[in-house]
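Values quoted throughout were computed directly from the atomic coordinates according to the rules given, and no laboratory measurement underlies them. Keep in mind that this is a model prediction, so the values were computed, not measured. Cβ placement follows ideal geometry from the backbone for every residue including glycine, while neighbour counts extend to all protein chains displayed.
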Amino acid sequence: MSRLPRPQSSPDAKGFVPSLKRKIIPEEDDIEEQPAKKGPASTGFRPKPLHASRNATNAIASGSTTSASTSSKPAAASKPAAVMPRPLTRPRPPVAARPTSRGASAPPVSTVTVRKPSSSRVPAALGKHIASGGATATAAAPDVITNLHKRLATLESARTQDTERLASLLESSAAAATSSSSAATSAAVVVDVQTQAELLAAQAQLASTTAQLGSATAQLLSLQTEFGAAQGALRAREAAEADARRENLALKAEVLAGKTALAAAQDESSELRRALAREREEGEIRARRGERLLREAKDDLEECEGKLVKVRKELEGAVSGEVGMQERCRVLEGRAERLAGEVAQLQAEKTAWAVERAGWDVEREAWEVEKRRGEEERRSLHGMVMELKGNIRVFCRVRPVLSDEEAGAEIAYPDAGLPYPSGQKEIVLSSTGAEREWDAGMGNKARREVWGFGFDRVFTPASTQADLFAEISQLAQSCTDGYNVCIFAYGQTGSGKSWTMEGGGTEETQGMIPRAVAQVFRVAEELKDKGWTYTMEGQFLEIYNETITDLLSPPPAAGDPPRKHEIHHHPTTHLTSVSDVLTPALTSPAQVLALLAQAQGRRRVAATLMNERSSRSHSVFTLRIRGVQDGASGGEGVRVGTLNLVDLAGSERLATLGHGLGASVAGGAGGERLKETQSINRSLSALGDVVAALGSGPGAHVPYRNSKLTYLLQNSLSGNSKTLMVLNLSPLAAHLNESLTSLRFATKVNNTTIGTAKKVQVQNGKA
């Protein structure tokens with residue numbers, strides 16, 4: 001029973017449904033072993049010859065016996081073999097097989113063994129395959145035809161071999177009959193009988209083979225006819241399937257186009273719906289806006305109607321009073337003409353007033369210039385008066401109270417409202433409380449004490465660095481005229497001496513030293529137009545514990561002895577010099593600022609109870625100036641001057657400041673601070689002794705050599721220099737006693753006459 005082909009139409013893993021073609025599976029009895037799959041290049045099949053039958057093989061193997069009847073059938077042996085029909089071949093040539101040991105006429109031997117198909121099963125199986133109409137029928141039919149071709153070739157080979165065998169037997173029988181002797185006649189007869197028997201068997205086998213060959217040829221022709229019909233049906237089916245595939249592709253294309261058109265239509269519909277919604281919203285908005293505008297128009301119309309009624313009433317009243325209005329218009333026109341004339345007159349007066357005001361502005365500017373010139377002349381005359389008097393000029397300056405300090409003392413300035421020099425010369429200090437222990441112990445009431453002092457100028461806490469320098473600028477620039485000038489700051493610790501002399505880092509807060517140096521450079525630059533050329537050099541000294549130190553020189557190396565500096569006074573020029581100090585040439589104010597910063601970093605400072613950064617030494621900045629006039633001869637064309645700017649250390653009391661032997665730095669000061677304080681007070685006491693001796697009159701001994709400070713300032717205090725002392729006061733109530741001591745000392749200095757300053761004498765161009 002033949003098996004029907006199994007349809008393979010199940011979808012694959014990806015969901016693709018394959019074609020509904022049926023795959024024909026060949027029968028297992030037709031082919032034992034299928035040939036190996038070949039690549040796309042080998043699309044044909046190899047013909048496989050059929051094997052000879054077992055009977056034919058046995059007949060050929062028994063060819064050693066002869067038959068006696070061969071001599072009687074010589075014609076049968078020499079009869080040629082029947083002509084076989086030409087076997088059918090494939091459209092393509094078969095693949096060449098490996099060479100064998102058989103004859104050239106034998107067909108090639110295939111490596112695949114094929115079973116002999118049954119004559120009854122081959123047509124039936126082939127009919128089943130063709131009836132199924134599957135794709136496998138076209139693949140199984142060539143295999144059956146190939147097997148038939150192989151079988152025909154095998155039968156032809158066996159027939160040829162049998163014919164050759166029969167001919168050889170006949171020839172051998174004839175030869176044996178002619179050449180045998182009488183003695184062998186009996187044996188030859190036996191052999192001939194055997195040979196005839198074999199010949200009959202061979203003829204029978206040849207007949208059987210011929211019959212099988214004819215049957216196979218008929219089967220082959222039948223199979224070829226059926227195969228051609230099957231190929232035609234297959235081609236028709238393939239054409240139908242191709243048409244179906246084309247129709248399917250066309251339908252898929254139409255479906256895809258329909259889906260695309262549907263998607264586009266849906267998008268267009270969505271867009272239309274959104275546009276319709278937007279238009280609906282905009283229409284609603286326009287409708288609401290139109291309703292609002294309509295309401296506003298109605299309101300405006302009602303308001304206009306009301307105004308129209310009002311205007312009509314006013315118009316009726318205006319028509320009734322038209323005569324009076326015309327009279328008023330004539331009056332107003334006349335008044336307008338008079339006002340136009342007045343306006344023209346006012347314009348002319350305004351123009352004249354503007355011209356007059358411009359003249360007043362010019363006069364005011366001239367008055368301002370004259371005022372500044374008069375102020376400078378006043379300061380110059382005042383300075384000349386003070387110099388003629390021979391007194392040391394004293395300015396008093398009170399610093400402001402800082403935010404983290406206690407309440408200030410009661411300090412008043414009675415003439416602060418008067419302009420200088422009529423006012424701004426007095427300062428009054430007040431105290432309420434038991435200042436003396438015996439008064440407090442006896443139960444006396446607190447008494448109010450008042451102390452008043454007067455100086456050349458008093459500066460309140462609201463004054464600035466510029467206000468102070470405006471008064472001493474003329475004095476500072478006197479050194480360019482050939483004078484020795486000395487300005488020194490005196491006061492207790494924490495009163496602002498270093499701030500007054502050195503100042504801060506900005507231009508507004510600069511102290512007297514950088515401002516005086518800038519003033520000297522500015523004046524020297526202005527005098528270049530008059531033929532004067534100035535050269536300058538400076539030095540910065542420190543007096544610490546009665547030892548002079550050069551702040552501009554690098555410190556000595558470790559193990560080297562400290563440098564010794566000696567003070568020398570010139571008897572004729574009254575110039576002071578110090579040995580073994582560095583005096584660099586100065587070319588700009590910026591260089592001086594750099595030297596000041598260097599000196600401040602090397603100066604000795606320490607923390608005390610009255611000041612966190614107290615100067616523990618006296619500092620002296622000296623600016624030496626030498627000017628030469630072009631074309632002048634002798635000493636008239638040379639000017640030599642000196643500017644000394646001194647920052648004295650603060651005066652202190654050991655009991656007030658808490659200094660003591662063995663005390664810690666946090667509680668006051670140690671032994672080093674005590675020694676510094678004693679040295680500072682000793683030098684300031686020597687300065688007081690010098691001032692007292694100068695106030696005793698001419699001829700009195702002045703102890704300049706009691707201190708390095710007074711000896712260094714000898715020419716500044718002895719009348720050979722223009723000298724100014726800036727007294728700095730602390731505004732705190734806790735420092736009242738020290739402030740009173742400083743004020744009393746400053747009053748003593750201000751009342752001291754030292755003589756009129758003279759220019760430095762220059763002989764033969766040398767000072």
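Structure data summary
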| item | result |
| --- | --- |
| Nitroxide proxy distance, nm - points 7 Å out along Cα→Cβ at GLU314 and GLU171 | 16.0 |
| Where labels lie 7 Å past Cα in the beta-carbon direction, separation of ALA352 and ALA366 in nm | 2.2 |
| Simple label model, 7 Å out from Cα along Cβ direction - ALA470 to ASP415, nm | 1.8 |
| Integer Hz, Karplus 6.51/-1.76/1.60 couplings in order for segment 210-227, x for Gly and Pro | 5, 5, 4, 5, x, 4, 5, 5, 5, 4, 4, 4, 5, 5, 4, 5, 4, 5 |
| LEU727 long-range amide H proximity, modeled H, under 5 Å | PHE395, CYS396, ARG397, TYR490 |
| Proximal aspartates and glutamates to LYS564, defined as alpha-carbon separation beneath 15 angstrom and excluding residues fewer than eight positions away on the same chain | GLU542, GLU546, ASP550, ASP580 |
| Contour excess over end-to-end distance, with Cα ends at ASN706 and ALA250 and 0.36 nm allotted per residue | 151.2 nm |
| From phi via Karplus (6.51, -1.76, 1.60), per-residue ³J(HN,Hα) for segment 318-327 in Hz, x at Gly/Pro | 5, 5, 5, x, 5, 5, x, 5, 5, 5 |
| Total formal charge among the other residues, if their Cβ is under 14 angstrom from that of ALA297, Lys/Arg +1 and Asp/Glu -1 | -3 |
| Phi to ³J(HN,Hα) by Karplus 6.51 cos²θ - 1.76 cosθ + 1.60 over segment 407-416, Hz, x for Gly, Pro | 5, x, 6, 7, 10, 10, 10, x, 9, 5 |
| Entries in LYS528/LYS748; LYS425/LYS530; LYS528/LYS759; LYS530/LYS708; LYS371/LYS528 that, when Cα-Cα distance is taken, lie over 32 Å | LYS528/LYS748; LYS425/LYS530; LYS530/LYS708 |
